[in-house]
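Shown next, in structure tokens, is the structure this report addresses.
Here, each number is a calculation from the coordinates, and none is a lab measurement. No experiment lies behind these values; they were computed from the predicted model shown. Quick reminder, even Gly has a Cβ in these numbers, built from the backbone with ideal geometry, and neighbours come from all protein chains shown.
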Amino acid sequence: MQVKFDVIGRPAPQGSKNQFGAEASQFVKPWRVDVKYAAAKAVGPDWDTKKAVAVDITFKFLQPKSHFTSKGKPSSSWTQFPIGRNKGDIDKLCRSTLDALTGVLYDDDAQVVYLIAKRQWASTAGASIIVFHL
């Protein structure tokens, strides 16, 4: 059994804290809300939150206009993949997303025993997520 859904919004990494112990990124909380809402909308009544799961996440980022010339050709700043500090470490992106799925697709993110994660450019920011029962 599997659940497949898309999340529209800005993927935000979880993990860095400010001096007061709060999340450093202001985008983490809205991202978690978007993920939880999309998952809750997609899950069916027969879904068992007690089973081990595999998760496949594709994080999607908007490609900056600076990657292209005015004629639409790749510029010198073009990159094939969304890399750089402003995109977030993939492990921290997974952390915020997997935490958001807790209580919806599984009772504890320790039930995730297999994880595939990738980042790519897209026309809409967000994520495509597939969760499989094992």
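Assorted remarks:
- Sites residue 116 and residue 89 - FRET efficiency at Förster radius 22 Å, r taken between beta-carbons, to 0.05: 0.85
- J(HN,Hα) series, the range 125-134, from Karplus relation 6.51 cos²θ - 1.76 cosθ + 1.60, nearest Hz, glycine and proline x: 6, x, 7, 10, 10, 10, 10, 10, 6, 10
- Note, ³J(HN,Hα) from phi for the range 108-115, Karplus 6.51, -1.76, 1.60, rounded to Hz, x at Gly and Pro: 8, 5, 5, 6, 7, 10, 8, 9
- Whole-Hz couplings from phi, Karplus 6.51/-1.76/1.60, listed for the range 89-96; x for Gly and Pro: 5, 5, 5, 6, 5, 5, 4, 5
- Too-long pairs where the Cα-Cα distance tops 26 Å, listed order kept, from 60/92; 36/118; 50/92; 4/73; 36/73; 71/118: 4/73; 36/73; 71/118
- Backbone N under 19 Å from the residue 40 label point (7 Å along Cα→Cβ), restricted to the range 98-120: 98-109
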